[in-house]
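Colleague: Provided herewith is a single structure, encoded as structure tokens, for subsequent inquiry.
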Amino acid sequence: MSVKMKNGAAGSSLKDVIEKDSILYKWASHDDASFHNFTQDEATNIRNALLSWYRANRRSLPWRGDAPPFDGSTAGVNHSNSNKKSKKQKNQPSITNFFATTKQPNSKECQTKDEEAQIESISSDEALPITPYGVWVSEIMLQQTRVEAVIPFYLKWIKRFPTVEHLANASEEDVNSHWAGLGFYRRARLLHNGAKKVVQEFDGQLPESVNGLMEIDGIGRYTACAIASIAFHLSVPVVDGNVCRVLSRLRGIANHIKAPILKDDVGWKLAEQIVSAGDGKHAGEVNQALMELGATYCSPSGTGIDERDPLKDFYMSPQIGAAFVEEQRRLVHAGFDTFPTDEYVGEAFASRKEGCICKVCDGKGVYTVLDELTTAAESLYDDANACAKHIGHSVFPTDPPKKAKREEVLSVAALSYLSSDDSVERWLLVRRPSGGLLSGQWEFPSVCVWTSESETPKSGKKRKNDAVPVPMIDSDDRVQALNDLLKEYTPASSEESQDWLVECPRTQVGEKPIEHIFSHIRHTMWVEHGDGSRYADSSYPGDLISEKGKELRWMSESDMKDVGITAGVKKILKAVKEERKNGSKSTKRSHKKSKK
């Protein structure tokens, strides 16, 4: 295999030039997942470093048995607030800028005033006890939610439902009202159902084994192991995205943290090697240390060389970065234009045993890492060894494939009336069906007028990663869709008295739609507000059932607080109020019943 050199002449074979004893080549040519295993000494030393660091520096949190004040923020630790790594930035400044001394915000500054107020109003000076139930609640709340955002919700929850019995005996609306604002409402429903099962089948006591815990609704392997290790002191590992990131950097795993082979298989085996090392005790602390490290010094923006990082001497990723830069210099000095990624990977793979590949690294993982290192190294100074280590750290783990969100355009009716009895404004809300998105939650009447799932690209094939542009839906079509929906909400028991749901004038709220994003869906909401005060009867009932079985309710804002409305409903309500306060510039339209 020949490679082109600066002078354009055919050069000698690359294998005669590259350094095969370097960590870079050994990593690129490894052909089995065992390459990523820890030695017994490595696992023990990593475990000891984690425990020492965690006990001295861990965040103060209520579910850890700490007394206030609490500190859930990672400010001052994660020095970059960007989720994109430096490897992806085009025309980036020198990587030495990452090491400039900057003032780090105090962790308190990163909590919103609302969060601080909630914590102060709920928390006492006493520490909450560490209980299996408390660990369970905290782990469910922390799924896909920031630690600092969870603290006030956790305190409020434990105050209202201090034991599993209290939660099991609570109403669905009471549970939802104390969860409202955390999102992913399915978690609350499963937590509620799980509490009922614990009371009914386990005499109110959580099982002390991983398998027993996994019999409870909403408790999977991760949550079961977290409860078992933290509350029951069992020596079992816990693996989440943060832990996978730490492991990827420790062992040079060229894959993304959502890859099933890593998060569901090899990641657990590697974490087990660390947790069981030494005397195998204090697994709960080791697990929390790994997760804490992944959220702080080994976050996506971690450098791998921070003196405060307890594992800076154990990461393979900085070693690969430094070895890459050194190899690149050697090759350029030998006459190569730049680092020959294709040829280097080819030589490395050719040295593997026949038919052997590493199953934990992505098939293109080695190539991806080397290609990204080549791009990132363009901004290095000749003497920037620290920067070389940093770029090595930054390319692990690799980026997961992007999946486009499902797009939905909704037409929403925010209907209200002012009661002549108590002068309280009430709003019409409808309950979502059980199961699916926002199961059982209350929302304004809405109808989907377009979804990306109904679109087919010009090629005729739809790929899951393809983003579909959101079209502008004709206003008349949106209005008609809402009219048809509201007709369905007319209860059979009150024939003509409900006609005003359709008849009353509705005003478009704002010139642009409201956007609300979930983890996998983006809602583009065109909202129309209708004031039916002159139509509605003051004795209008609060609870209704439509002809099609939809549960409806007229609610004051106080009622909404009691049942716990979602962030999307709050966003719509705020927009309507602002529109009325500022004075609508839109033209009111009387949306009559359509003629058929």
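The values are calculated or read from the model by the stated rules, or taken from the named source; none is laboratory data. Since this is a predicted model, take the numbers as computed values, not measurements. No Cβ is skipped: glycine too gets one built from the backbone with ideal geometry, and neighbour counts run over all protein chains shown. Heads up: the accessible areas ignore ligands, DNA and RNA and are worked out on the full protein's heavy atoms, side chains in. Shrake-Rupley method; radii C 1.70, N 1.55, O 1.52, S 1.80 Å.
Colleague: Per residue, what accessible area does the stretch 373-430 have, given a 1.4 Å probe and all protein chains present, in Å²?
Modeller: Details: 2320 Å² over 58 residues.
Accessible area per residue, the stretch 373-430: 40 Å².
Colleague: Now for a separate question. Over the Cα atoms, compute the radius of gyration (one decimal) and Dmax (the largest Cα-Cα distance, rounded to a whole number) for the stretch 177-233, in Å.
Modeller: 11.9, 33
Colleague: Nearest 0.05, what FRET efficiency do ARG534 and GLU453 give at R0 = 45 Å with Cβ-Cβ as r?
Modeller: The value I calculate is 0.65.
Colleague: Between ASP21 and THR163, what is the label-point separation in nm under the 7 Å Cα-to-beta-carbon projection?
Modeller: Placing both labels 7 Å along Cα→Cβ, they lie 6.8 nm apart.
Colleague: Moving to a separate point now. What net charge do the residues around ASP313 carry, taking every other residue with its C-beta under 12 Å from that of ASP313, with Lys and Arg at +1 and Asp and Glu at -1? Write out the running numbers ahead of the final one.
Modeller: On the way: positive: LYS312, LYS389; negative: GLU42, ASP306, GLU307, ASP309.
So the surrounding residues net to -2.
Colleague: Can you give the local net charge around HIS178? Use residues other than it whose beta-carbon is closer than 15 angstrom to its beta-carbon, Lys and Arg +1, Asp and Glu -1.
Modeller: Within the 15 Å Cβ shell, the charges total +2.
Colleague: I would also like to ask the following. Would you tally the net charge around ILE521, using a Cβ to Cβ cut-off of less than 11 Å, leaving ILE521 out, and scoring K and R as +1, D and E as -1? List each step's numbers first, then the result.
Modeller: Values: positive: LYS405, ARG406, ARG522; negative: GLU407, GLU408, GLU453.
Once positives and negatives cancel, what remains is 0.
Colleague: Between SER60 and ARG352, how high is the FRET efficiency from 1/(1 + (r/R0)^6) when r is the Cβ-Cβ distance and R₀ = 60 Å? Nearest 0.05. Write out the running numbers ahead of the final one.
Modeller: Details: r = 49 Å, r/R0 = 0.81.
Result of the calculation: an efficiency of 0.80.
Colleague: Taking H as built 1.01 Å from N, whose amide H comes closer than 5 Å to the amide H of GLY530, not counting residues under 5 places away?
Modeller: Placed amide hydrogens put ALA414, LEU415, SER416, THR507 under 5 Å from GLY530.
Colleague: Right, here's the next one. When the distances between all Cα atoms of the stretch 327-437 are binned every 5 Å from zero, what whole-number percent does each bin get?
Modeller: 2, 8, 11, 13, 11, 8, 6, 4, 4, 5, 5, 6, 5, 4, 3, 2, 1, 0
Colleague: Can you compute the equivalent ellipsoid semi-axes for the stretch 212-345, i.e. the square root of 5 times each eigenvalue of the Cα gyration tensor, sorted largest first and rounded to whole Å?
Modeller: Taking √(5λ) for each Cα gyration eigenvalue gives 36, 16, 11 Å.
Colleague: Could you work out what % of the accessible surface of the stretch 146-290 is carbon and sulfur, using a 1.4 angstrom probe and leaving DNA, RNA and ligands out of the count?
Modeller: On the stretch 146-290, the fraction of accessible area on carbon and sulfur atoms equals 48 percent.
Colleague: Figure the gain on full extension for ASP265 and LYS364 (residue separation times 0.36 nm, minus the Cα-Cα span) and round it to one decimal in nm.
Modeller: Values: separation 99, 0.36 × 99 = 35.64 nm, distance 1.95 nm.
Residue separation times 0.36 nm, minus the Cα-Cα distance, leaves 33.7 nm.
Colleague: Find which of MET214, VAL236, ASN193 sits farthest along the positive direction of the dipole of the stretch 193-254, computed with +1 on the beta-carbon of Lys and Arg, -1 on that of Asp and Glu, about the Cα centre.
Modeller: VAL236
Colleague: So how much slack lies between GLU215 and ILE130, counting 0.36 nm per residue of separation and subtracting their Cα-Cα distance, in nm?
Modeller: Value of the extension gain: 28.4 nm.
Colleague: I've got another one for you. Given labels modelled 7 Å from the Cα in the Cβ direction, how far is it in nm from GLN144 to GLU326?
Modeller: In this crude spin-label approximation the distance works out to 4.4 nm.
Colleague: Once each part is reduced to its C-alpha centroid, what is the distance from the stretch 335-380 to the stretch 52-68 in angstrom?
Modeller: When both Cα centres are located, 41 Å separates them.
Colleague: Between ASN582 and GLU201, with labels modelled 7 Å along Cα→Cβ, what's the label distance in nm to one decimal, could you check?
Modeller: For the pair ASN582/GLU201, the computed spacing is 5.3 nm.
Colleague: Accessible area per residue for the stretch 248-301 in Å², computed with a 1.4 Å probe and the full protein assembly in place, what is it?
Modeller: Counting only protein heavy atoms, the per-residue value for the stretch 248-301 is 29 Å².
Colleague: Over the Cα atoms of the stretch 382-450, what is the Rg over Rh ratio if Rh follows Kirkwood?
Modeller: On the way: Rg = 25.2 Å, Rh = 17.6 Å.
My calculation puts Rg/Rh at 1.43.
Colleague: Once phi is turned into ³J(HN,Hα) by the Karplus curve 6.51 cos²θ - 1.76 cosθ + 1.60 with θ = phi - 60°, what whole-Hz value does each residue of the stretch 343-358 show in order, with x for glycine and proline?
Modeller: Residue by residue, the stretch 343-358 yields 5, 5, 4, x, 5, 5, 5, 5, 7, 6, 5, 4, x, 9, 9, 7 Hz.
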